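Below is one structure, written out as structure tokens; comments come after it.
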There are 2 protein chains.
Amino acid sequence: MRTLQVDLGERSYPIYIGGGLLGKAGEFFENHQLSKKSPVLLVTDEHVAPLYLETVESSLQASGYTTVSKVVKAGEKSKSLDVYEDVMTTAIEGGLDRRSAVVALGGGVVGDLAGFVAASYMRGVPFVQMPTTILAHDSSVGGKVAVNHRLAKNMIGAFHQPEMVLYDVDSLQSLPPRDVRAGLSEMVKHGLIWDAEFAAWCREHASELLALDPEALGFGLTQGCAIKAKVVSVDEREQGLRAILNLGHTLGHAIEAIGGYGEFLHGEAISIGMAAAAKLAVNRGRDAALYQETVALLQRFELPTAMPRHLDEEKLIGAMMHDKKFKEQQLVFILPVAIGQVEIVSDVALGEVRRVIAELKEEEPHV
Amino acid sequence: MRTLQVDLGERSYPIYIGGGLLGKAGEFFENHQLSKKSPVLLVTDEHVAPLYLETVESSLQASGYTTVSKVVKAGEKSKSLDVYEDVMTTAIEGGLDRRSAVVALGGGVVGDLAGFVAASYMRGVPFVQMPTTILAHDSSVGGKVAVNHRLAKNMIGAFHQPEMVLYDVDSLQSLPPRDVRAGLSEMVKHGLIWDAEFAAWCREHASELLALDPEALGFGLTQGCAIKAKVVSVDEREQGLRAILNLGHTLGHAIEAIGGYGEFLHGEAISIGMAAAAKLAVNRGRDAALYQETVALLQRFELPTAMPRHLDEEKLIGAMMHDKKFKEQQLVFILPVAIGQVEIVSDVALGEVRRVIAELKEEEPHV
């Protein structure tokens, strides 16, 4: 088992990465001195529940905890205020009190939903993340939790750091290939923004990662989490540096939003967004190789890098305007400087964005 | 104008108390360096809007701010997730960004609702309180914001400190008498929990306070805010001492909850709760005068101190079980030790609560 400490002063917490951790949930709870008198709420989705819910419940109960479970539908649509209210109902009816822990057992959607419940139930209770996807190596670090508004993604949320993250890599073996690819998109992103050496390692080990080789996965996830933890520990509340984690997200969120949060997985949308950011940087004078290398790396992971032609340019622009990164009436973009290095740019004109959208539409093969 | 500083480290903020402050809102915003590039959201209710909304809008606009306004229905029912979502829609459509301020112009309901919007819109934006009720002298200090769940009050919320509180005492002149009485209930509470001298002052100045005498009001509100600020600065997140502010609230919230948040005003419900707490303390051995003096003080303000007979005992108990103060399966009560002093008690048996409910029902005159 690898342990990584996220350094945030009195809100610091550990990430445990290894095999067989879900079956030891009770021991981890005891070690973290979570209250046994207070019911624990497990939030998971219908895909994850049949695979791992009983394992976690049994382990907690064997250690003397009482548990209440809430199973939501899989997918981004569960990040709604309606589902959030449902989970709150379960929490209240289950008798959760201020010392109760809320557990997110699942991917990024469950983590964001359960995390915002933990942040706001009785104005905040302890939160434990048990990610079961590769994508969640990103979302489970840093304390950003949220639900969606029908007009824009992640609009309603909080910063709420977990007590711990239990990352059982065995749970990744059951992931569908499309989720594996989309999850690795965020891992690659961590290389692109911070660490050229790690980006190169990702390129070289793409086949092993796609095949879920445990050794490669363990190293890649630890490295990805470590980069994210480093950035977050410098800037917990996204006042500056943390924005670099949004590489590919300005356009990526817009692609997700106008696709109704169903057509594209998050990792696919930001892959297109990362290609677009590289193109935009090249249009502004960076070497053309920067775009070519970025696209080649993403394509090693079988990720999309062209803009689907059916996505309406005006709708994309409109969705970007509603994004949180639209601050004081200016779009903020994270643009690559080189592989492993980015800059925060706030003077991107709408015309530049339109040009890149058009250029990336041309990259899509005609059918 | 009186200025009171709430001391919370980097989250410290001032409370300005005086006449004519709403008409100077723009100047206060400038002094606090709130962004002029980011739209300001004003949240108020249908009673307050015709009286003061234009004053605040004009003042902000004269200083170069753009504003968006959301008027909700008056009353506790606006503290729902549905209305919360509506306000979020206005915020998004109005183009609010991360530097936008959310303003609560109104009483405790608007403060709690707008405060939770400010706490969670884009994971938190600046918040400004402009209380227009006496009750809000309590709720506008301390950063507790929340909406209700249909099963229990204030169940969903956050700790989110404002940038400043602008308390325009001129706005209190338009309050209906019942709201004046209910608001003074929290002022009296601050005397009862902390300051026997201030409790005595309240008793002596009850008539002036009920008649909204500006000098008495100015002093009483400043004193009430100061006591609350003192307690909150010691214990921002309600880990210990802050619980004393809940005198009368364990039963008070239950009374409100089973009355459907419409039959009793908050101040009325906690008045009954404070009488009950004193009775409970006397049943446990305190001098009988403690109950008599508490009731006499509350009655000077024409506040209810008997338990209405039609409130079902089992429903009251059930609602208490859902309260946040029900921690690790025990009811937590704040009980008076003497006028001006309380203790936190967590071993109150259900039988004691039942007895007090029955005794206070006997206090209600038969009709």
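The values are calculated or read from the model by the stated rules, or taken from the named source; none is laboratory data. Since the structure is predicted, the reported quantities are computational estimates derived from the model, not experimental observations. Glycine gets a Cβ as well: all are built from the backbone with ideal geometry, and neighbour counts include every protein chain shown. The protein model used for the area step is the full one, side chains on, heavy atoms only, and it has no ligands, DNA or RNA in it. Shrake-Rupley method; radii C 1.70, N 1.55, O 1.52, S 1.80 Å.
Could you tell me what fraction of 2.2 N^0.38 Å the Cα radius of gyration of chain B comes to, as a two-decimal ratio?
Rg over 2.2 N^0.38 Å, computed on Cα atoms: 0.96.
Net charge around residue A:241, counting only other residues with Cβ within less than 10 Å of its Cβ (Lys, Arg = +1; Asp, Glu = -1)?
0
Suppose a student asked you for the relative contact order of chain A, using Cα pairs under 8 Å spaced at least 6 residues apart; what percent would you report?
Taking the mean separation of contacting Cα pairs over the length of chain A, I get 14 percent.
Which of A:48, A:244, A:283 sits closest to the plus end of the dipole of chain A, meaning its Cα is farthest towards the positive end, when Lys and Arg get +1 and Asp and Glu get -1 on the C-beta?
A:244
What shape does the stretch B:206-316 have by the C-alpha gyration tensor, where a ≥ b ≥ c are the square roots of the eigenvalues, rounded means a/c under 1.5, and otherwise prolate means a/b greater than b/c and oblate the rest?
rounded
How large is the dipole of chain A about the Cα centre if only Lys and Arg carry +1 and Asp and Glu carry -1, each at its Cβ, rounded to the nearest 20 debye?
700
How big is the stretch B:177-362 in terms of Cα radius of gyration and Dmax, in angstroms?
Taking only Cα atoms of the stretch B:177-362, I get Rg and Dmax of 15.5, 46 Å.
Based on the Kirkwood radius over alpha-carbon pairs, what value in µm²/s does the Stokes-Einstein equation return for the translational diffusion coefficient of the stretch B:177-228 at 4 °C and 1.567 mPa s?
122
If Lys and Arg each add +1 and Asp and Glu each add -1, what is the summed charge of the other residues whose beta carbon sits under 14 Å from the beta carbon of residue A:58?
-2
With the label 7 angstrom out along Cα to Cβ, how close does residue A:46 come to the same site in each of the other copies, in nm, nearest first?
4.0
Note down the nm distance, to one decimal, between modelled labels 7 Å out along Cα→Cβ at residue A:241 and at residue A:32.
For the pair residue A:241/residue A:32, the computed spacing is 2.5 nm.
Considering chain B as a Gaussian network with a 10 Å cut-off on Cα pairs, which listed residue, B:142, B:64, B:285, attains the greatest mean-square fluctuation?
B:285
Determine the gain in length on full extension of the stretch residue B:51-residue B:99; use 0.36 nm per residue of separation and subtract their C-alpha separation, reporting nm with one decimal.
14.5 nm
Could you give the length gained on full extension between residue B:361 and residue B:212, defined as 0.36 nm per residue of separation minus the Cα-Cα distance, in nm?
Taking 0.36 nm per residue and subtracting the Cα distance, the gain is 50.5 nm.
Quick one: grab the alpha carbon gyration tensor of the stretch B:73-220, order the square roots of its eigenvalues as a ≥ b ≥ c, and give me rounded if a/c is under 1.5, else prolate or oblate depending on whether a/b is larger than b/c.
prolate
Provide an ascending nm list, one decimal, of label-point separations from residue A:292 to the equivalent residue in each further copy; define each label point as 7 Å from Cα along Cα→Cβ.
9.6
Assign unit charges at the C-beta atoms only (+1 for Lys and Arg, -1 for Asp and Glu), then state the dipole size of the protein assembly as shown relative to its Cα centre in Debye, rounded to the nearest 20.
The calculated dipole for the protein assembly as shown is roughly 260 debye.
Say the dipole of the stretch B:246-367 comes from +1 at the beta carbon of Lys and Arg and -1 at that of Asp and Glu; which of B:353, B:292, B:333 then lies farthest toward its positive end?
Value: B:333.
What nm distance separates the two modelled labels at residue B:341 and residue B:315, each placed 7 Å from Cα along Cα→Cβ?
3.9
Compute log10 of I(q)/I(0) for the protein assembly as shown with the Debye formula, placing one identical point scatterer on every Cα and leaving out solvent, at q = 0.07 Å⁻¹, to two decimals.
Debye curve over Cα of the protein assembly as shown, log10 I(q)/I(0) at q = 0.07 Å⁻¹: -0.52.
If we restrict to alpha carbons, what Rg and Dmax does the stretch A:2-172 come to, in Å?
14.3, 44
Rounded to the nearest 5, what % of DSSP beta bridges with both residues in chain A are antiparallel?
In chain A, approximately 45 percent of DSSP beta bridges are antiparallel ones.
Give me the net charge of residue A:176's neighbourhood, meaning all other residues with Cβ under 15 Å from the Cβ of residue A:176; Lys, Arg count +1, Asp, Glu -1.
-3
One decimal, nm, shortest first: give the distances between the label point of residue A:355 and those of the same position in the other copies, each label point 7 Å from Cα along Cα→Cβ.
8.3
What share of the DSSP beta bridges in the stretch A:2-172 is antiparallel, in percent to the nearest 5?
Taking every DSSP beta bridge with both residues in the stretch A:2-172, the antiparallel ones total about 30 percent.
Considering Cα pairs under 8 angstrom that are at least six residues apart, work out the relative contact order of the stretch B:203-327 and quote it in whole percent.
Relative contact order comes out at 25 percent.
Which helices count as membrane-span-like in chain A under these terms: full DSSP H, at least 20 Å along the axis by C-alpha, Kyte-Doolittle mean of -0.5 or more?
The answer, listed by residue number, is A:177-194, A:214-234, A:266-283.
Quick one: length gained pulling residue A:150 to residue A:89 fully straight, 0.36 nm per residue minus the C-alpha distance?
19.8 nm
Name the residue from A:265, A:316, A:342 whose Cα lies farthest towards the positive end of the charge dipole of the stretch A:177-362, charges +1 on Cβ of Lys and Arg and -1 on Cβ of Asp and Glu.
Value: A:316.
What fraction of the DSSP beta bridges in the protein assembly as shown is antiparallel, stated in percent and rounded to the nearest 5?
Just about 45 percent of them are antiparallel.
Select from B:298, B:81, B:105 the residue whose mean-square fluctuation is largest in a Gaussian network model of chain B (Cα-Cα springs shorter than 10 Å).
Greatest mean-square fluctuation among the candidates belongs to B:81.
Just how large is the dipole of the stretch A:2-172 about the Cα centre, in debye to the nearest 20, putting +1 at every Lys and Arg Cβ and -1 at every Asp and Glu Cβ?
With Lys and Arg at +1 and Asp and Glu at -1, about 360 debye.
With contacts defined as alpha carbon pairs under 8 Å and 6 or more residues apart, what's the relative contact order of the stretch B:2-172 in percent?
Contact order relative to length: 26 percent.
Rounded to the nearest 100 Å², what's the accessible area chains A and B bury against each other, both chains counted, probe 1.4 Å?
The buried area between A and B, both sides summed, comes to about 3900 Å².
Hey, rough spin-label estimate for residue A:73 and residue B:16, points 7 angstrom out along Cα→Cβ, what's it come to in nanometres?
A separation of 4.9 nm, rounded to one decimal place.
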